[in-house]
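Some notes on the structure that comes next.
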Amino acid sequence: MDHHIECLSELCRICGKKFKRNARQIPCIGLQYELKGLFGIDVSKDSFQVHPRAICIKCCLTARHFKERTAAGKDYHSTTTVFSWRVHEDKGCRVCTSHQQQQKGGRPPKKNATSTKSQLVDPPVSPSLPTDDDDDNENDDVDNDKVEEQRHDHQQQQQLQLQQEQQQQQEQYKIHINEVSSENFVPQGESMPPISSFIRPLAPLKLDFFQCVVCQNIVNKAVELICQHLVCGQCFLDYMMQCTSKLQCPFGNCAQAIQGLHDVRPISQIALANLQSLRVKCNTPGCRTTVQLVDPPG
């Protein structure tokens, strides 16, 4: 199973092709809306034991083209075929086989003419009667089967222990984020208005500063990572559940490792005040009314 997860880390979530050496890998969670609209897949429901967590540059550009075309009101269709991911099987795993086939390259080895010729002229071996050596070989096969079974059981125990540790870590982060995250700006059951509805703040503030690095919208119940990137509390929990390797900042160009709860902290009071003062346009056509994201006290 460990080998299967290692294979998933080297394959693209969309096309299933192996990443080239030193090629950039783009996290799926940052393009979940584009991937759902273009390919009809919901990466937020992916399992780290079945699906890769990144896509290649080519599929990323395809998703970006889809976003730009749809924003301009134009249709866009991709010719890329989405790879069908399945649960790992001990024999004949489709994912492991595909990874192995893509790993092989170059010319096939040349046949040794001398050894081939010698094989042709060797006389056939006559069948022999069973000996004590054959019994020893059968006992060795039985011992090997027992060793293989024990190794398989040990791997399953390690995998179960790893899952329990990950679940425990997720619960700790969930409790911590609920304690340190900022207030909820939208009523229960509603979603944050799209970023296009917000009015650009006065300089030197930028609207991008308040944009979640995962959902690409204005942060809600936000937390600040050690690298000073803002992210929605729920978005960070969803990203952490899909993370199969070491936990790090979900921003594409940032590789800052998240080593513990102390690396996830509340946003500063100045940033919170500026966030609360953002103004939102009314979504009714022809209406120019703007309202503040959070009503001032009194």
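Within segment 248-266, the set of residues being surrounded by 19 or more Cβ atoms within 10 Å (Cβ to Cβ) and assigned to a loop (DSSP other than H, G, I, E, B) comprises C249, P250, I258. Out of curiosity, is F209 part of a helix (DSSP H, G or I), more than 16 Å from the chain's Cα centre (by Cα) and aromatic (F, W, Y)? Considered against the rule, which asks whether it is part of a helix (DSSP H, G or I), more than 16 Å from the chain's Cα centre (by Cα) and aromatic (F, W, Y), F209 comes out as yes.
Scan segment 4-28 for residues that are under 21 Å from R94 (Cβ atoms) and hydrophobic (A, V, I, L, M, F, W, C) and jot them down. Give the derivation first.
First pass over segment 4-28, keeping only residues under 21 Å from R94 (Cβ atoms): 4-19, 28.
If the condition is that a residue be under 21 Å from R94 (Cβ atoms) and hydrophobic (A, V, I, L, M, F, W, C), then I5, C7, L8, L11, C12, I14, C15, F19, C28 are the ones that fit.
Screening segment 68-86 for residues that are open to solvent by 100 Å² or more (accessible area, probe 1.4 Å) and within 21 Å of the chain's Cα centre (by Cα) and picking the one that is modelled with the highest pLDDT gives T81. Pairs meeting the criteria (first residue in segment 206-228 and under 23 Å from K67 (Cα atoms) and open to solvent by 10 Å² or more (accessible area, probe 1.4 Å), second residue in a helix (DSSP H, G or I) and not aromatic (F, W, Y), beta carbons under 6 Å, at least 6 apart or on different chains) are C215/C235; N217/I195. Look at (1) in contact (Cβ under 8 Å) with a residue 60 or more places away in the chain; (2) in a loop (DSSP other than H, G, I, E, B) and you find that C287 fails only one, number (1). Once segment 267-298 is narrowed to residues that are hydroxyl-bearing (S, T, Y) and under 21 Å from K206 (Cβ atoms), the residue that is surrounded by the fewest Cβ atoms within 10 Å (Cβ to Cβ) is S268.
Residue pairs whose Cβ atoms lie under 8 Å apart, separated by 6 or more positions or on different chains, with the first residue in segment 151-175 and under 20 Å from H3 (Cα atoms) and at pLDDT below 80 and the second assigned to a helix (DSSP H, G or I) and open to solvent by 100 Å² or more (accessible area, probe 1.4 Å), do not occur. Taking segment 229-247 as the range and being hydroxyl-bearing (S, T, Y) and surrounded by 19 or more Cβ atoms within 10 Å (Cβ to Cβ) as the test, only Y239 passes.
The rows are residues; the columns are (1) over 25 Å from L237 (Cβ atoms); (2) out of contact with any helix residue (DSSP H, G or I) (no Cβ under 8 Å at 6 or more places or on another chain); (3) part of a helix (DSSP H, G or I); (4) modelled with pLDDT of 85 or more.
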residue	(1), (2), (3), (4)
H3	yes, no, yes, no
C7	yes, no, yes, no
R13	no, no, no, yes
R21	yes, yes, no, no
R24	yes, no, no, no
G30	no, yes, yes, no
F48	no, no, no, no
P52	no, no, no, yes
H65	yes, yes, yes, no
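In this structure, is K246 at pLDDT below 85 and within 20 Å of the chain's Cα centre (by Cα)? Spell out the reasoning first.
Numbers: at pLDDT below 85: yes; within 20 Å of the chain's Cα centre (by Cα): yes.
Criteria met by K246.
For segment 199-218, the condition of being in contact with a Leu (Cβ under 8 Å, 6 or more places away or on another chain), basic (K, R), within 19 Å of N274 (Cβ to Cβ) and at pLDDT below 85 holds for at least one residue.
Among all positions in segment 78-85, there is no residue which is closer than 24 Å to M240 by Cα and part of a helix (DSSP H, G or I).
Looking at segment 36-46 only, could you name the residues that are open to solvent by 40 Å² or more (accessible area, probe 1.4 Å) and either in contact (Cβ under 8 Å) with a residue 60 or more places away in the chain or part of a helix (DSSP H, G or I) (or both)? First the steps, then the outcome.
First, the residues of segment 36-46 that are open to solvent by 40 Å² or more (accessible area, probe 1.4 Å): 36-37, 40, 42, 44-45.
Selection gives K36, G37, S44, K45.
The values are calculated or read from the model by the stated rules, or taken from the named source; none is laboratory data. Just so it is clear, the model here is predicted, and its values are computed rather than measured. Backbone-built Cβ (ideal geometry, glycine too); neighbour counts: all protein chains shown. Remember, those area values only see protein heavy atoms, side chains included, never the ligands or the DNA or RNA. Shrake-Rupley method; radii C 1.70, N 1.55, O 1.52, S 1.80 Å.
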